Amino acid sequence: MKRIAVLTSGGDAPGMNPTIRSIVLTAKAHDIEVIGVNRGYVGLMEGDLRPLDVSDVADIVDRSGTILYSARSHEFHTEAGMQKALAVCRENGIEGLVVIGGNGSIMGAKDLSERGLPCVGVTGTIDNDIGCCDYTTGYDTALSTIVDMIDRITDTTRSHWRCAVVEVMGRDAGYLALNGGIAAGATAILIPEVPFDVEKDVIDRIKAAKAKGKNYFVVVVAEGCSKQVESVQALAKRIEAETGVESRATVLGHVQRGGSPTLKDRVVGTRMGNYAVHLLMQGIGNRMVVIQNDEISDMDILEANSITKTLDRSLYDLAMEVSI
Ligand code: F6P
């Protein structure tokens, strides 16, 4: 291949820029041109392209967000949308594409591969919810931010003998909430993967901790559970009414997607980007770059997407055993 393209799609994630950097530097080392596609599949359909040179990526390893911008597109998932994108690739001599994103974005890479454009999918999501990978780029940075933010909330919660109810991101997955809750010493953690009862799993736990002498509490709620508790604000009110502990709710929100990528997200992103280019150099498409036990390999995209990720229930049980 002489010219490949790269795009970022879906929610941005820390580690996307180190991945882009690695793709460009790897390709350049093998005399392959790289075209950056702005705004994900939207930009691919519109032909919003720009050449990426070494100087464009020289200083982005420590920056979060994505220099290529990101978007979510409904039109791309129609046949007409995909044909538009393929026409843009043909017109611009693009022979292969790397897609960085979450589950939905990577399925777009499968669709384009099936229509003749070799594509490789690389993870980029804070949610850590991709079945074929035990790690997704962005997760470590988001988790570190969550712990830092909850620690700050805990500082004031402790001073006032209050209960802090904190909602964290993760879409339908509870990895951020569970590990963030463990690291922040939460009294209760609600995640979508484990059925819960507010009375038993929140109120009773707070009462029991109070009886042991604890006077402040942190409850971490995965966003995938917030509807089940109505809202974190409603949960805080209920806790206050039933335990007598003054309570406050915080939705951490998009702060979780920012911040300089951690060492892990820089290194994993760099390894995955490099691997993706080596696949395309061999003319191999319709593959997902996979990471398991810190080893990188690749897999058919459809097969990769059919793997359901199951959260380690024993980690949840451990969290409940050691929390107060
Ligand atoms: O998938 C990443 C993620 O941050 C989820 O955790 C969250 O549910 C969603 O994206 C938020 O998306 P948006 O930025 O479009 O509000």
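The values are calculated or read from the model by the stated rules, or taken from the named source; none is laboratory data. This structure is a prediction, so every number in the text was calculated from the model and none was measured. Cβ atoms come from the backbone with ideal geometry, glycine included; neighbour counts cover every protein chain shown. Calculation scope for accessible area: heavy atoms of the full protein, side chains included, ligands and nucleic acids excluded. Shrake-Rupley method; radii C 1.70, N 1.55, O 1.52, S 1.80 Å.
Miscellaneous remarks
- Residues (surrounded by 18 or more Cβ atoms within 10 Å (Cβ to Cβ) and closer than 22 Å to residue 218 by Cβ) located in segment 288-322: 316, 319
- Across segment 77-105, the number of residues qualifying as assigned to a helix (DSSP H, G or I), away from the ligand (no atom under 16 Å from the Cβ), crowded, with 20+ Cβ neighbours inside 10 Å and not aliphatic (A, V, I, L, M) comes to 1.
- Count of residues meeting criterion [open to solvent by 10 Å² or more (accessible area, probe 1.4 Å), touching a residue at least 60 places away in the same chain (Cβ under 8 Å) and in a helix (DSSP H, G or I)] in segment 204-222: 1
- Any chance residue 11 is crowded, with 24+ Cβ neighbours inside 10 Å, farther than 20 Å from residue 270 by Cβ and within 16 Å of the ligand (Cβ to nearest atom): no
- Every residue from segment 271-287 that is open to solvent by less than 50 Å² (accessible area, probe 1.4 Å) and in contact with a helix residue (DSSP H, G or I) (Cβ under 7 Å, 6 or more places away or on another chain): 272, 273, 276, 277, 285, 286
- Close pairs (8 angstrom Cβ cut-off, 6 or more residues apart or separate chains): under 13 Å from residue 133 (Cβ atoms) in segment 284-307, in a strand (DSSP E or B) and basic (Lys, Arg) anywhere: 298/287; 299/287; 301/287
- Residues located in segment 240-250, provided they are of a type in the set (A, V, I, L, M, F, W, C) and either part of a helix (DSSP H, G or I) or open to solvent by 60 Å² or more (accessible area, probe 1.4 Å) (or both): 241
- Residues that are within 16 Å of the ligand (Cβ to nearest atom) and either open to solvent by less than 40 Å² (accessible area, probe 1.4 Å) or outside any helix (DSSP H, G or I) (or both), drawn from segment 251-268: 251, 252, 253, 256, 258, 259, 261, 265
- Single unsatisfied condition, residue 1 versus (1) open to solvent by 20 Å² or more (accessible area, probe 1.4 Å); (2) modelled with pLDDT of 95 or more; (3) more than 16 Å from the ligand (Cβ to nearest atom): (2)
- Of residues in segment 106-127 being within 15 Å of the ligand (Cβ to nearest atom) and open to solvent by 10 Å² or more (accessible area, probe 1.4 Å), the one nearest to residue 2 (Cα to Cα): 107
- Counting only residues that are over 19 Å from residue 207 (Cβ atoms) and over 20 Å from the mean Cα position of the chain (by Cα), segment 219-233 holds 6 of them.
- Of the criteria (1) in a helix (DSSP H, G or I); (2) surrounded by fewer than 21 Cβ atoms within 10 Å (Cβ to Cβ), which one residue 171 fails: (1)
- For segment 142-153, the set of residues classified as open to solvent by less than 20 Å² (accessible area, probe 1.4 Å) and more than 12 Å from the ligand (Cβ to nearest atom) consists of 150 only.
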